[in-house]
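Below is one structure, written out as structure tokens, with a few remarks after it.
The values are calculated or read from the model by the stated rules, or taken from the named source; none is laboratory data. Please read all numbers here as calculations on a predicted model, not as lab measurements. Note that we place each Cβ from the backbone using ideal geometry, even for glycine, and neighbour counts take in every protein chain shown. Surface areas here come from the heavy atoms of the whole protein model, side chains and all, with no ligands, DNA or RNA. Shrake-Rupley method; radii C 1.70, N 1.55, O 1.52, S 1.80 Å.
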Amino acid sequence: MRKDYRIFKFLKAILKFFYPKTEICGLENLPDEPCFIVGNHTQMHGPIVSEIYMPENCYTWCAGQMMEFKSVANYAYKDFWSQKPTVLRPFFKVLSFLITPISVCIFNNARTIAVHHDTRILSTFKNTIKKLSEGKNIIIFPEHDKKHNNIIYDFQNKFIDVARPYYKKTGKELYFTPLYIAPSLKKAYLGKPIKFNASAPADQERDRICNYLMNEITEIATSLPLHTVTPYRNIPKRNYKKNIPIEVYNYEETDS
């Protein structure tokens, strides 16, 4: 066993000990064949829940920058902490360098697939299709900086494109299953999947599937008891939103 893998197993055990137990609800909604599981990122909660509590046959798309020693610090600061209060940003800049060796160790040994946004995207797709063909599910958190509603940010939609080469290789139309992670409830919820249509234009399928997933995740969230939503961006906790606007919740409580 490699030394870095032993370190990873130790770190994972420590994380599992301290991280709250998360119940995965709705596993019956997963199709009988491999699929994409598409969820809200919830900062680092998404990757943690995926590695520790999702079934072992799930692999998570991971930003390639978090797996490369030279790029971790810049990526981590920009993606995780750049919206922290100004006075705290120097601390988080230092922290981004300190976590570099830990990040490289963890993400290169966890059940991950490196995601690149250059010509290496072909490798990402190749590795993804290989895992799908082996019966593995792929987890992805495609939010980006444009806010969608009080639950999620808009999804980047190019990940849908992997369904086309997968169809060409296997003749199977890929399913995409929504996932809502609610750290404050210590639960994650899988919704009903949507099936890729190989005969439809690429742009149309990207929009159709992403809109469905965002709407389903929002509906799952708003159907749950009142709770605090952990947003994609690492913003001050005082700015976190509720799953239901508080004035609506109070009205419904009074009305009932």
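Observations on the model:
- FRET efficiency, Glu219 to Ser184 (Cβ-Cβ, R0 25 Å, nearest 0.05): 0.85
- Figure legend: label point modelled 7 angstrom from the Cα of Met44 along Cα→Cβ; residues of segment 83-99 with amide N under 11 Å from it are 96, 99.
- Cα gyration tensor, segment 183-228 - rounded (a/c under 1.5), prolate or oblate: prolate
- Around Arg2: net Lys/Arg minus Asp/Glu count, Cβ-Cβ under 15 Å: +3
- Segment 30-39 - phi-based ³J(HN,Hα) in whole Hz, Karplus 6.51/-1.76/1.60, Gly and Pro as x: 5, x, 6, 10, x, 8, 8, 10, 10, x
- Residues in segment 10-16 carry Karplus couplings, in order, of 5, 4, 5, 5, 5, 4, 5 Hz; the curve used is 6.51 cos²θ - 1.76 cosθ + 1.60 with θ = phi - 60°, and Gly or Pro positions show x.
- Residues with amide H under 5 Å from that of Val115, placed H, sequence gap 5 or more: Cys62, Ala63, Gly64
- Charge sum, other residues only, whose C-beta stays under 13 Å from Thr100's C-beta, Lys/Arg counted +1 and Asp/Glu -1: +1
- Relative packing of peptides 24-33, 112-121, 130-139 - highest average C-beta neighbours within 10 Å first: 130-139, 112-121, 24-33
- Each principal axis of the Cα cloud of the chain was evaluated for its coordinate range; sorted largest first, these ranges are 55, 49, 32 Å.
- Residues whose amide H falls under 5 Å from that of Val229, counting only those 5 or more places apart or on a different chain, are Lys241, Lys242, Asn243, with hydrogens built in the peptide plane.
- Computed from phi, the 3J(HN,Hα) profile of segment 73-81 under the Karplus parametrisation 6.51, -1.76, 1.60 (θ = phi - 60°) reads 4, 5, 5, 4, 5, 5, 7, 9, 10 Hz, with x in place of Gly and Pro.
- Segment 109-256: equivalent-ellipsoid semi-axes (sqrt of 5 x gyration tensor eigenvalues, Cα, Å): 32, 17, 14
- Sites Leu226 and Gln156 - FRET efficiency at Förster radius 25 Å, r taken between beta-carbons, to 0.05: 0.25
- Listed by chain and number, the lysines whose alpha-carbon sits under 22 Å from that of Lys84, ignoring those within fewer than 8 places in the same chain, are Lys93, Lys146, Lys147, Lys237, Lys241, Lys242.
- Cα-based convex hull volume of segment 33-120 per residue, rounded to whole Å³: 114 Å³
- Considered as an equivalent ellipsoid built on the Cα gyration tensor, segment 77-193 has semi-axes of 30, 20, 15 Å, the largest given first.
- Dividing the summed -39500 (n - 2.57) terms of all DSSP H runs of n ≥ 4 by the residue count of the chain sets its mean residue ellipticity at 222 nm at -12000 deg cm²/dmol.
- Accessible surface of segment 104-256 [probe 1.4 Å, protein heavy atoms]: carbon and sulfur percent: 50 percent
- Average silhouette area of segment 20-78, convex hull of alpha-carbon atoms, in square nanometres: 5.2 nm²
- Positive-pole candidate from Tyr153, Tyr175, Ser123, dipole of the chain, charges at beta carbon: Ser123
- Point-charge dipole on Cβ atoms (K/R +1, D/E -1) for segment 140-211, about Cα centre, debye to 20: 300 debye
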